[in-house]
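Only the coordinates and a few stated rules stand behind these numbers; no lab work does. Note that the coordinates shown come from a computational prediction; the quantities given were computed from them, not determined experimentally. As a convention, Cβ positions derive from the backbone with ideal geometry for all residues, glycine included, and neighbour counts pool all protein chains shown.
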Amino acid sequence: MDIGGIAAVVTGGGSGLGEATARALAMRGASVAIFDLARSRGSEIAQELGDRASFFEVDVTSAEQTAAGITGAIEAFGPLRALVNCAGIGSATRTVGKDGTPFDLGAFSKTIEVNLIGTFNTIRLAASKMIGNEPGSDGERGCIVNTASVAAFEGQIGQAAYSASKGGIVGMTLPIARDLSRYGVRCCTIAPGLFKTPLLALLPQDAVDALGASVPFPQRLGNPPEYAGLACHILENTMLNGETIRLDGAIRMQPR
């Protein structure tokens, strides 16, 4: 896929990995619909990117908002060729707390709802539009890139909900790629390791340095543009399909 001139949707595009991806796509000539919550910086980022971007207030767990956002993106920029799912939330709660309190089921469900169901909600609605696109020279009509985490494979203490949500994204990547192969729509997932995101930015600098030192090489946190570069490469490389790619500097997470 040639990124130049395509229309793309980036969920969670108002910060972190999503923001970096929206900027990278716009720099490569794509028109980008940024999906995020109203309290995000999505509108500000879209204004910075100018005519190549628009902000849509979308909660990915809402079928109605997501469908309206996708319709708006197509009306603004033309046929949707790319979707990059970066919207998500974190959680850190033990299955049973030190005081014996069980994990709140509502909190567990919320993490699954946003990270896993929200990702699939956007996939199903975007894919339903992509399959109607005119195919490119290689028969491709679209490409979907999801965001999981190394926690899908090595969840740490307190990450039961987060790991389950990200493991679900990994697990559905290949079936979705197979489902959509007949239409020429690809699906891949990136599993980032430790990256400089707004969540980690809340930690003290010594804690951030310690996390970076735990990465075999390079011994630092990942930079969002490195994620964005891989997302763009997946869009450009038609042979990448049904795969989950770790982007983690060879880290393997310890229990804590």
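The fewest-to-most ranking of 248, 104, 36, 99 by surrounding Cβ atoms within 10 Å reads 99, 104, 248, 36. Only helical runs count toward this figure. For the chain, summing -39,500 (n - 2.57) over DSSP H runs of n ≥ 4 and dividing by all residues gives -12500 deg cm²/dmol at 222 nm.
Computed from backbone phi with θ = phi - 60° and the Karplus coefficients 6.51, -1.76 and 1.60, the 3J(HN,Hα) list for the range 68-83 is 5, x, 5, 4, x, 5, 5, 5, 7, 10, x, x, 7, 10, 9, 9 Hz; x is used for glycine and proline. From the largest down, the chain spans 57, 36, 35 angstrom on the principal axes of its Cα atoms.
Here the Karplus curve 6.51 cos²θ - 1.76 cosθ + 1.60, taken at θ = phi - 60°, turns the phi angles of the range 166-175 into couplings of 6, x, x, 5, 4, x, 8, 4, 5, x Hz, with x standing for Gly and Pro.
Annotation for the range 185-200 versus the range 220-256: alpha-carbon center distance of 6 Å. One chain, two ends: residue 178 and residue 157. Fully extended at 0.36 nm per residue, the span grows by 4.2 nm beyond their Cα-Cα distance.
Take the Cβ-Cβ distance between residue 134 and residue 214 as r, set R0 to 41 Å, and report the resulting FRET efficiency rounded to the nearest 0.05. The formula returns an efficiency of 0.30 here.
Of the residues 81, 178, the one with the fewest other Cβ atoms within 10 Å heads the list, and the complete ranking is 178, 81.
Counting every other Cβ atom within 10 Å of each residue's Cβ, 166, 98, 196 order from fewest to most as 98, 196, 166. Cross-link reach is defined here as a Cα-Cα straight distance under 20 Å, omitting same-chain residues fewer than 8 places apart; for residue 110 the lysines meeting it are 166.
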